[in-house]
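Input: a single structure, listed below in structure tokens.
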Amino acid sequence: MLNQNNETYLYVHIPFCRSKCSYCSFYSVVSENLKETFTRHLIEEVKLLSQKYSDAKLRSIYFGGGTPSSLGTEFLSDILDAIREQFTLLDPEITIEVNPEDVDDDFSSEIKAIGFNRVSMGVQSTDVNTLKLLNRHADFEVVQFAFHSLRQAGFDNISLDIMYGLPHTSLSVLQKSVEDILSLQPEHLSIYCLTIDNKTVLKYRVDKGEINPKSDELVDEEYTYLLQILRDSAYERYEISNFSKSAKKSIHNSSYWAYMDTLGLGPSACYKVDDTRYENTSSLQGYFDMISNNSLPVSNTICLSDEELFVESLFMGLRQVKGVDYSVLKSQYKIVDDEVYLNWIEKYVKLKLMSFEGGRLQFINRGLDISNSILCEII
Ligand SMILES: C[S@@+](CC[C@H](N)C(=O)[O-])C[C@H]1O[C@@H](n2cnc3c(N)ncnc32)[C@H](O)[C@@H]1O
Ligand code: SF4
């Protein structure tokens, strides 16, 4: 059963990319000929999921990946139509992640006509050498063209992704990329610190000694620069890595930070309903097989205890600048003995890294910037 009056947030994972970036471990395959079969199965999954959650009302729909823009607008339209047919929609935010090289005037006007009202575009860097290292193919000219196409088509809620902590680059390279990106005046920005994930080309090259990861001091310098320039450019930081203008915060991502019940579709999608987390299989063949057998493609179901739910909701909620209502969470998850949490809070309140007033708990000063290490203490 869904909480929150059956209002929920739907993630759709599109597992295709035109090529694989050197750093990325998200589930995706490079294949043209599986797209139709995938779309057919995804539409079946929409029906299966809506049978289970027949009262669900969607506040947001988020097509992520992978690269949703590489699926093509006809299949994207078929999927959105199926979602509209099977679920109640509450005038939702409907986001699509796009890669710049997929976007031209036709694409932009088609996704607008289909019903998407928010676009998140991965730029990462505009430096040609860095793009080569990342195995990404859109230089700034392509990014500019894509951005202007989207604007021309009427999109007034565009988010751009920037990466920092990238190896073999200096601060001035990041500065130039950020200047380029800011010149486009997006409503929203997400900043990602590179993680060197297992089973990526980058990890292989680091292990071989071909690439040296950036030192913590240099990563810190870049992070400090980013916070400053985004503040100076009037972007409001509302989450550790997310910044918005004109109150264009991401409704979908905010649902994760507020620890709401969510739903998910597509291989490797994860979602949480009440006290249970569901993980869809990451194998495309396994995904096809399970759906052909009329079952939801869930490969892992994890039932969370009240204490686990409480800690996870703290973890997610404290990522937001506004923090969490600690007393509400405590009573929601029936936490009777919270001495260990109160001691932890007291320590960081004394260090002036957290504030705890009237039940509201939030990071302050540099607390948000080093929140990962502070949060790890209570796992
Ligand atoms: C998985 S991608 C999907 C969207 C789209 N395909 C793209 O490339 O922008 C979403 C975001 O995750 C970020 N990402 C993926 N792997 C990462 C890593 N190892 N470190 C930091 N960010 C990463 C990318 O930079 C991207 O902006
Ligand atoms: S970063 Fe985006 S385009 Fe690159 S491999 Fe990952 S999902 Fe695909």
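Can you name every residue in region 73-98 that is assigned to a helix (DSSP H, G or I) and either at pLDDT below 95 or of a type in the set (V, I, T) (or both)?
Correct list: T73, I79, I83.
Please go through region 167-197 and give me each residue that is touching a Ser or Thr at 6+ places or on another chain (Cβ under 7 Å), within 16 Å of ligand 2 (Cβ to nearest atom) and in a loop (DSSP other than H, G, I, E, B), ordered by number.
D197
Working carefully through the options S305, S373, S355, find the one that is hydroxyl-bearing (S, T, Y) and surrounded by 11 or more Cβ atoms within 10 Å (Cβ to Cβ).
That would be S355, the only listed residue that is hydroxyl-bearing (S, T, Y) and surrounded by 11 or more Cβ atoms within 10 Å (Cβ to Cβ).
Counting only residues that are more than 16 Å from ligand 2 (Cβ to nearest atom) and either among the β-branched types (V, I, T) or in a loop (DSSP other than H, G, I, E, B) (or both), how many does region 116-125 have?
2
Based on this model, can you work out whether E239 counts as buried (at least 17 other Cβ atoms within 10 Å of the Cβ), in the same structural domain as S25 (by TED's automatic domain parsing), among the acidic types (D, E) and under 30 Å from Y9 (Cα atoms)?
yes
Looking at region 286-308, is at least one residue under 30 Å from N157 (Cβ atoms) and among the small types (G, A, S)?
no
Would you point out the residue of region 118-140, among those that are touching a Ser or Thr at 6+ places or on another chain (Cβ under 9 Å) and either over 22 Å from G66 (Cα atoms) or not assigned by TED's automatic domain parsing to the domain that holds L174 (or both), that is nearest to ligand 1 (Cβ to nearest atom)?
Per the criteria, the residue is D127.
Residues to consider are E110, E101; find the one that is under 25 Å from K248 (Cα atoms), crowded, with 16+ Cβ neighbours inside 10 Å, among the acidic types (D, E) and more than 16 Å from ligand 2 (Cβ to nearest atom).
E110
Output the number of the condition that D156 fails; it satisfies all remaining conditions of (1) within 22 Å of the chain's Cα centre (by Cα); (2) crowded, with 16+ Cβ neighbours inside 10 Å; (3) under 30 Å from V46 (Cα atoms).
Condition not satisfied by D156: (2).
Considering only region 200-216, I want to know if a residue exists there that is within 27 Å of S109 (Cβ to Cβ), more than 13 Å from ligand 1 (Cβ to nearest atom) and part of a helix (DSSP H, G or I).
There is no residue in region 200-216 that is within 27 Å of S109 (Cβ to Cβ), more than 13 Å from ligand 1 (Cβ to nearest atom) and part of a helix (DSSP H, G or I).
Look at region 44-72 and say how many of its residues are part of a helix (DSSP H, G or I), within 22 Å of the chain's Cα centre (by Cα) and either touching a residue at least 60 places away in the same chain (Cβ under 8 Å) or surrounded by fewer than 18 Cβ atoms within 10 Å (Cβ to Cβ) (or both).
Counting residues in region 44-72 that are part of a helix (DSSP H, G or I), within 22 Å of the chain's Cα centre (by Cα) and either touching a residue at least 60 places away in the same chain (Cβ under 8 Å) or surrounded by fewer than 18 Cβ atoms within 10 Å (Cβ to Cβ) (or both) gives 3.
Mind checking which residues of region 30-43 are surrounded by 18 or more Cβ atoms within 10 Å (Cβ to Cβ) and either within 16 Å of ligand 2 (Cβ to nearest atom) or not assigned by TED's automatic domain parsing to the domain that holds I83 (or both)?
The answer is F38, and nothing else.
Which condition does L263 not pass, out of (1) within 30 Å of I43 (Cβ to Cβ); (2) without any contact (Cβ under 8 Å) to a residue 12 or more places away in the chain, if it passes all the others?
(2)
Kindly check whether there is at least one residue in region 14-29 that is away from ligand 2 (no atom under 13 Å from the Cβ) and part of a loop (DSSP other than H, G, I, E, B).
The answer is no, given that none of the residues of region 14-29 is away from ligand 2 (no atom under 13 Å from the Cβ) and part of a loop (DSSP other than H, G, I, E, B).
Each row is one residue, and each column tells you yes or no for (1) part of a loop (DSSP other than H, G, I, E, B); (2) out of contact with any strand residue (DSSP E or B) (no Cβ under 9 Å at 6 or more places or on another chain); (3) closer than 30 Å to H13 by Cα; (4) among the hydrophobic types (A, V, I, L, M, F, W, C).
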position: N294; (1), (2), (3), (4): yes, yes, yes, no
position: S313; (1), (2), (3), (4): no, no, yes, no
position: M316; (1), (2), (3), (4): no, no, yes, yes
position: Y341; (1), (2), (3), (4): no, yes, no, no
position: Y348; (1), (2), (3), (4): no, no, no, no
position: F356; (1), (2), (3), (4): no, no, no, yes
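Among the listed residues V324, V273, V311, V328, which satisfies the condition of being loosely packed, with under 15 Cβ neighbours inside 10 Å and either under 22 Å from the mean Cα position of the chain (by Cα) or assigned by TED's automatic domain parsing to the domain that holds G358 (or both)?
Of the residues listed, the single one that is loosely packed, with under 15 Cβ neighbours inside 10 Å and either under 22 Å from the mean Cα position of the chain (by Cα) or assigned by TED's automatic domain parsing to the domain that holds G358 (or both) is V328.
Return the total of residues in region 127-166 being more than 16 Å from ligand 2 (Cβ to nearest atom) and either closer than 30 Å to Y204 by Cβ or touching a Leu at 6+ places or on another chain (Cβ under 8 Å) (or both).
The qualifying residues number 7.
The values are calculated or read from the model by the stated rules, or taken from the named source; none is laboratory data. Source: prediction; values computed, not measured. Every residue, glycine among them, receives a Cβ derived from its backbone with ideal geometry; neighbour counts consider all protein chains shown.
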